[in-house]
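See structure below.
The values are calculated or read from the model by the stated rules, or taken from the named source; none is laboratory data. Just so we're clear, the structure is a prediction, and the values are computed from it rather than from any experiment. For neighbour counting, all protein chains shown are included, and Cβ atoms are generated from backbone atoms with ideal geometry for every residue, glycine included.
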Amino acid sequence: MCYGHCGAALATKRVYVMSNSYEKELERSRVLVYGVAGDTAIKTRIAPIYTEERLASGQELYQAAKVASSAQVEERLQSAAATRAFNAVKDEIHEGYVKARNAARYFFKGNRNVYELLLLDQSIPKAFAEWRKSVTHTFKAIGQMPDIQEKLTLVGLSPEVVAAYVAKTEKIDDLRLKAEREDGEAQQASVKKQETFDELSAFCIDLRECLNLFYQGNERQALEKVGITVK
């Protein structure tokens with residue numbers, strides 16, 4: 001079962017395609033910005049509109065976009081790692097929780113006291129907070145009842161194993177909070193990446209329009225030599 005984060009991996013392919021497209025566009029921007037800045041003839045021709053300072057600002061925009069892209073990749077990796085850590089512990093706890101409920105139902109058929117104590121008549125909560133509450137209650141209740149412990153030990157749920165589940169349940173909130181924090185930081189990095197990319201794109205669109213004004217017909221071969229296309 002999933003409680004808040006395991007669906008994140010479903011968008012991996014779509015994210016990769018978007019990232020690949022972004023990298024291609026970023027490279028096109030680099031070729032344009034540095035191609036113009038590195039060609040004296042081109043710079044001189046468009047100098048009335050694009051001064052050295054303005055061209056330098058384009059390089060700064062490119063660098064900012066590149067840094068933001070790298071930062072987003074790092075934040076996403078950290079977010080994915082935190083989510084995996086949370087899901088791994090949550091899934092392990094859930095497996096033991098379900099096993100304990102099934103075993104208790106088998107060994108204590110018709111025992112209303114056990115059913116009420118372990119909440120066996122209740123369905124497993126879907127919301128994380130309620131699920132955690134039910135898990136904690138179940139394992140702690142088992143740990144306090146020797147007769148239940150004795151039976152569950154037969155299926156691998158010894159007192160030591162149950163105690164370990166309790167300890168892991170007490171730490172899962174921290175793992176969840178870390179996963180949420182890392183996810184938030186990854187989202188912020190994505191916003192920053194998009195902002196810097198938009199600024200760079202606007203600069204490149206205007207620069208290409210400017211080059212289109214100054215270079216017509218066969219003259220555009222001078223641009224193509226440095227990898228620049230205006231349309």
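Table for the structure above
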item	result
Yes/no for Tyr50 being touching a residue at least 24 places away in the same chain (Cβ under 8 Å), under 18 Å from Lys168 (Cα atoms) and surrounded by 16 or more Cβ atoms within 10 Å (Cβ to Cβ)	no
Every residue from region 23-64 that is over 21 Å from Thr196 (Cα atoms) and not in a helix (DSSP H, G or I)	Gly38, Asp39, Ala47, Pro48, Ile49, Thr51
Qualifying residues in region 116-155 (those that are touching a Lys or Arg at 6+ places or on another chain (Cβ under 8 Å) and not β-branched (Val, Ile, Thr)) - the one nearest to Asp173 (Cα to Cα)	Phe128
Verdict on Glu170 being at pLDDT below 95 and either surrounded by fewer than 20 Cβ atoms within 10 Å (Cβ to Cβ) or under 30 Å from Thr44 (Cβ atoms) (or both)	yes
Among the residues listed as Ala164, Ala141, Ala189, the single one being in a helix (DSSP H, G or I), aliphatic (A, V, I, L, M), within 22 Å of Glu75 (Cα to Cα) and at pLDDT 95 or above	Ala189
Restricting region 64-117 to residues that are aromatic (Phe, Trp, Tyr) and over 22 Å from Arg132 (Cα atoms), the residue that is surrounded by the fewest Cβ atoms within 10 Å (Cβ to Cβ)	Tyr106
Residue within region 80-93 that is in contact (Cβ under 8 Å) with a residue 60 or more places away in the chain, closer than 21 Å to Leu154 by Cβ and either among the aromatic types (Phe, Trp, Tyr) or touching a Cys at 6+ places or on another chain (Cβ under 8 Å) (or both) present	no
Single residue of Arg176, Arg208, Arg220 found to be in a helix (DSSP H, G or I), within 24 Å of Ile42 (Cα to Cα), touching a residue at least 60 places away in the same chain (Cβ under 8 Å) and basic (Lys, Arg)	Arg208
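Every residue, every condition in (1) within 30 Å of Cys210 (Cβ to Cβ); (2) in contact (Cβ under 8 Å) with a residue 24 or more places away in the chain; (3) of a type in the set (Phe, Trp, Tyr), yes or no:
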| position | (1), (2), (3) |
| --- | --- |
| Ala37 | yes, no, no |
| Arg54 | yes, no, no |
| Glu75 | no, yes, no |
| Arg101 | no, yes, no |
| Lys109 | no, no, no |
